[in-house]
Amino acid sequence: MAQTTTEAKPAVTRNQSVGWLRQMLLIRRFEEQSAKLYQQQKILGFCHLYSGQEAVAVGSIGVLREDDYVFTAYRDHGHAIARGMDPKAGMAEMLGKVSGCSKGKGGSMHFFDAEKGFMGGHAIVGSHIPLAAGVAFAIKYKGGDQACLCYFGDGAMDQGALHEAFNIASLWKLPVIYIVENNMMSMGTQLHRHSWTTDLTLRGGPAYGMPGILVDGNDIEEMARVTRDALRRARAGEGPSFIEAKTYRFRGHSMSDPMKYRSKEEAEKAKEGDPIVLFESLLKERGWIDEPTLEEMHEKIKAEVEEAIQFAEHAPEPPLESLYQDITVAPFIPQE
Amino acid sequence: MAVIQYREALRQAMVEEMERDDRVFLMGEEVAEYNGAYKVSQGMLDQFGPRRIIDTPISENGFCGIGIGAAMVGLRPIVEFMTFSFSYVAFDQLVNNAANMRYMSGGQFSVPIVFRGNSGVGGSLGATHSHRPEAFYAHVPGLTVLMPSTPADAKGMLKAAIRSDDPIIFIEHENLLGDKGEVSDDRDFLVPIGKASIVRPGRDVTLITYSRMLKITLAAAEKLAEEGIDAEVIDLRSIRPLDIDTLVTSVSKTHRAVIIEEDWPYCGIGAGISDRIMQKAFDELDAPIRRVTAKDVPVPYSRVLEAAMLPDVGKVVAQVHDVLYR
C-alpha cells in the first residue's frame with residue numbers, strides 16, 4: 001500500500017484539520033441516525049454509539065499510514081469511519097445486509113475492513129488486546145515498520161487479557177499502541193467503582209515498562225500529537241506505548257441503557273467539552289473555516305449519511321446459502 | 001521409513017514445515033531454552049533461533065491471542081500448550097477469536113494457526129491436569145479437531161494441520177509421546193484432514209475410537225478374536241470433521257457399533273458420533289450403539305481410582321457382548 005506523508009509534517013495543516021472536522025461530524029451524524037434506526041428496530045442486537053468520543057479515533061487514526069493496522073472494541077463505528085470505511089458498508093452491516101462490511105454476519109459490534117487495515121470491532125471486553133499484540137508481532141517478525149493501534153474502554157483495564165498482552169508486548173518490544181478511551185464508565189459502573197485508581201496510566205504504563213501518556217481525548221490535536229510520538233517509538237523498534245485518552249460518551253453504554261447511574265447535570269456538563277464544538281471554534285478562531293463553509297459541510301454530511309441509509313435499506317438480504325459460507329477456508333463440512 | 005517416537009514424529013513435522021515455510025514459527029511455554037516440557041521441541045531453538053522458537057510467559061490467554069493476531073496478517077503460528085488442560089485459560093481466544101474470525105468478518109480474515117499439545121489422563125496428575133478437551137472444541141463450527149494415535153499419524157496429521165489455512169486444535173496424548181512406530185521421511189507425507197483409518201478390518205462389530213484408546217480397543221479386538229468375534233477397529237483421527245462415510249460404510253457391514261473414548265459420557269464425543277450414525281444409518285443397526293467412556297467423575301489422583309474411571313479391555317469386551325446379545 002502507498003504511504004501517506006502526514007507523519008513527516010510536524011503540525012496539523014489546514015486541509016487536514018478541515019478533513020478531521022468533517023470526519024468527526026460524519027461519525028456524529030452516522031451515530032445519531034443509527035440511534036433512530038435502532039429505535040425503529042431496523043438495527044438489531046446490541047448497538048454502542050461513539051458520540052462524544054470522536055476526537056480520540058479521528059485524531060489518532062488521522063496520523064497513521066495506510067499500511068498500519070487498527071483494532072477496536074464493540075464501540076467500533078467511529079474507528080471504522082475514521083479509518084476510511086465507506087459509511088454505506090457500515091450502515092448496511094447494521095441492517096444485516098449482504099453488502100455490509102462483514103456481509104451481514106457481524107453487525108454493529110463486528111465491523112471489519114481488511115483493505116483499510118481495519119482489523120475489527122471485537123465484542124468480548126479485552127479479548128482483542130492480545131490480537132493487536134499479535135499483529136504487531138507479525139510486523140516485527142516480517143521486519144516491517146508499520147504499527148498497530150488498539151482501542152478499548154476503561155472497563156477493559158480490568159481484564160486479564162490486557163495485562164497478559166501488555167507484559168508480552170513490552171517484553172518483546174512490539175510496535176503496538178494501546179489507547180484506553182477513558183469515558184469514565186465500565187458499562188454502568190463508574191471509574192472510581194471499578195478501578196483502584198482513577199489514574200489509568202499507573203495501571204497501564206510504567207507497570208509494564210512503557211510510557212503511560214495522559215491526554216485530553218476531546219482535544220483532537222493533542223490526540224494526534226501523542227499518537228505521533230508513540231508511532232515514532234513503535235517504528236523505531238522501541239516498543240509499545242499506552243495512552244489514556246480522557247473522554248466522555250454522550251449516550252448510554254448501548255442503545256438499551258437508560259443511564260440511571262449518572263445525573264442529567266453530569267451529562268449536560270460533559271457536553272461543554274464536546275470535541276466537535278471545541279474543534280469548530282478553534283478552526284473558526286484560526287480563520288481556517290467560516291460559518292457558510294461549515295453549514296455546507298453539515299448539509300453534505302447529512303446527505304452522505306442519508307445516502308448510506310438508503311443504500312442499506314435497499315441492499316439485498318444475505319442469501320440463505322451464505323449461512324454456511326466463510327466458516328473455514330477449506331470446504332466446510334457441517335456436522336449435521 | 002524410520003522407527004521413531006511419537007514426540008519425534010511431531011518434531012519432524014514441525015521442523016520440516018519450518019524449513020519449508022518461513023511464516024511458520026513455534027511459540028509456547030518452555031518450548032525454546034528448556035527444549036520443551038515434554039521434549040517435543042528439543043533442539044529446535046538451536047536449529048531455528050529465538051526469532052522462530054519463542055518462549056512465552058505463562059499467559060495462555062495472551063499468547064494464544066498473539067498467535068491469532070499474527071495469523072490474521074499472514075503468519076502461520078504453531079502454539080504449544082504444555083498440556084491442553086491449560087487451554088481452558090485461553091478458551092475465549094480459541095472459541096471466540098480463532099473459530100469465529102472468518103465468519104464474523106464475512107470471509108475477510110482467516111486464522112491459519114495450529115494449537116497443539118498433549119492431553120488426557122496421563123497418570124496421577126489429578127483433576128486439573130488430566131482434561132480431555134476434544135468435545136469442548138469439536139462443538140465449535142470453525143475449529144478443526146485432530147487427534148493422532150500413532151507416530152506416523154502424528155507426523156502426517158501435524159504437517160497437514162500446519163499447511164491448513166484454518167485454526168486447528170491438534171490434541172496429542174501424554175501417554176503416547178514415547179510410543180514408537182514407522183514414520184515416513186517423505187517431506188510431503190500428509191494425512192488428509194477428515195479421514196478416519198480402518199486399523200483392523202472385521203465383519204461382526206464396528207469399534208470406533210481415537211487417540212490413546214486405540215491401543216485398548218485393539219487389545220479388546222484380539223481378545224474378541226479368541227472368541228470368534230471379528231471386530232473392525234476404526235481410528236477416527238479427525239474428530240471434527242468426522243469421517244461419517246467411513247463409519248456408515250462399516251456399520252452397514254457389521255450392523256453393530258461400540259464407541260470407545262477417554263472422555264466423560266455426557267455430551268462426550270461418542271454422544272455426537274452415536275447421534276450422527278443414528279441419523280444416517282439407523283436402519284442398518286441390529287442393536288443400540290453402546291459407549292465405553294471414562295466414568296462421570298473428576299479425574300482422581302489415586303492410581304487405583306484413576307484406573308477404575310478409565311475404559312479398559314474388559315469394559316470394551318462387555319459392551320461388544322451386549323451389542324451382539326451374547
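A single member of B:29, B:17, B:8 is closer than 24 Å to residue A:171 by Cβ and either touching a Ser or Thr at 6+ places or on another chain (Cβ under 8 Å) or of a type in the set (D, E, K, R) (or both), and it is B:29.
Scanning the range B:236-286 for residues that are basic (Lys, Arg) and in contact with a strand residue (DSSP E or B) (Cβ under 8 Å, 6 or more places away or on another chain) yields B:237, B:240, B:253, B:256. The set of residues in the range B:175-222 being closer than 25 Å to residue B:292 by Cα, touching a Gly at 6+ places or on another chain (Cβ under 9 Å) and surrounded by fewer than 21 Cβ atoms within 10 Å (Cβ to Cβ) consists of B:175, B:204.
Given the residues A:118, A:137, which is the only one that is facing chain B (nearest Cβ under 8 Å), surrounded by 22 or more Cβ atoms within 10 Å (Cβ to Cβ) and at pLDDT 95 or above? Unique residue meeting the criteria: A:137. Going residue by residue through the range B:266-284, is there one that turns out to be more than 14 Å from every other protein chain (Cβ to nearest Cβ), farther than 27 Å from residue B:126 by Cα and in contact with a Gly (Cβ under 9 Å, 6 or more places away or on another chain)? Looking for residues that are more than 14 Å from every other protein chain (Cβ to nearest Cβ), farther than 27 Å from residue B:126 by Cα and in contact with a Gly (Cβ under 9 Å, 6 or more places away or on another chain), one finds none in the range B:266-284, hence no. Taking the range A:142-256 as the region of interest, the helices (runs of 4 or more DSSP H) fully inside it that hold 3 or more residues being within 14 Å of chain B (Cβ to nearest Cβ) are A:160-171. For residue A:48, the test of being in a loop (DSSP other than H, G, I, E, B), away from chain B (no Cβ under 14 Å) and within 15 Å of the chain's Cα centre (by Cα) is passed. Only a single criterion out of (1) surrounded by 17 or more Cβ atoms within 10 Å (Cβ to Cβ); (2) closer than 24 Å to residue A:148 by Cβ; (3) among the aliphatic types (A, V, I, L, M); (4) at pLDDT below 95 is not satisfied by residue A:162, namely (4).
When you look at residue A:281, is it part of a loop (DSSP other than H, G, I, E, B) and either acidic (Asp, Glu) or over 30 Å from residue A:167 (Cα atoms) (or both), yes or no? Here the answer is no, as residue A:281 does not meet what is asked. The set of residues from the range B:67-84 being at the interface with chain A (Cβ under 9 Å from one of its Cβ atoms) and hydrophobic (A, V, I, L, M, F, W, C) comprises B:68, B:70, B:71, B:72, B:73, B:75. In the range B:31-46, the qualifying residues are those that are touching a strand residue (DSSP E or B) at 6+ places or on another chain (Cβ under 8 Å) and surrounded by fewer than 17 Cβ atoms within 10 Å (Cβ to Cβ), and the one that is nearest to the other protein chains (Cβ to nearest Cβ) is B:33.
From the list A:203, A:233, A:249, the lone residue that is of a type outside the set (Ser, Thr, Tyr) and closer than 26 Å to residue A:18 by Cβ is A:249. Checked against the criteria, residue A:52 counts as buried (at least 24 other Cβ atoms within 10 Å of the Cβ) and at positive phi. Counted as qualifying within the range B:85-193 are the helices (runs of 4 or more DSSP H) with 3 or more residues that are away from chain A (no Cβ under 14 Å) and at pLDDT 95 or above, namely B:151-163. Consider the range A:64-85 and keep the residues that are assigned to a loop (DSSP other than H, G, I, E, B) and touching a Phe, Trp or Tyr at 6+ places or on another chain (Cβ under 9 Å). The one that is surrounded by the fewest Cβ atoms within 10 Å (Cβ to Cβ) is A:84. For residue B:182, the requirement of being within 25 Å of residue A:336 (Cα to Cα), among the acidic types (Asp, Glu) and over 14 Å from the mean Cα position of the chain (by Cα) is not met.
Scanning for something more than 21 Å from the chain's Cα centre (by Cα) and crowded, with 17+ Cβ neighbours inside 10 Å, does the range A:282-293 turn up at least one residue? The answer is yes, given that some residue of the range A:282-293 is more than 21 Å from the chain's Cα centre (by Cα) and crowded, with 17+ Cβ neighbours inside 10 Å.
For the range A:307-322, a tally of residues being assigned to a helix (DSSP H, G or I) and either within 10 Å of another protein chain (Cβ to nearest Cβ) or surrounded by 13 or more Cβ atoms within 10 Å (Cβ to Cβ) (or both) returns 7. Can you tell me which residue within the range B:50-63, out of those that are facing another protein chain (nearest Cβ under 7 Å) and in a helix (DSSP H, G or I), is nearest to residue B:14 (Cα to Cα)? Selected residue: B:63.
The values are calculated or read from the model by the stated rules, or taken from the named source; none is laboratory data. Keep in mind it's a predicted model, so treat the numbers as computed, not measured. Cβ atoms come from the backbone with ideal geometry, glycine included; neighbour counts cover every protein chain shown.
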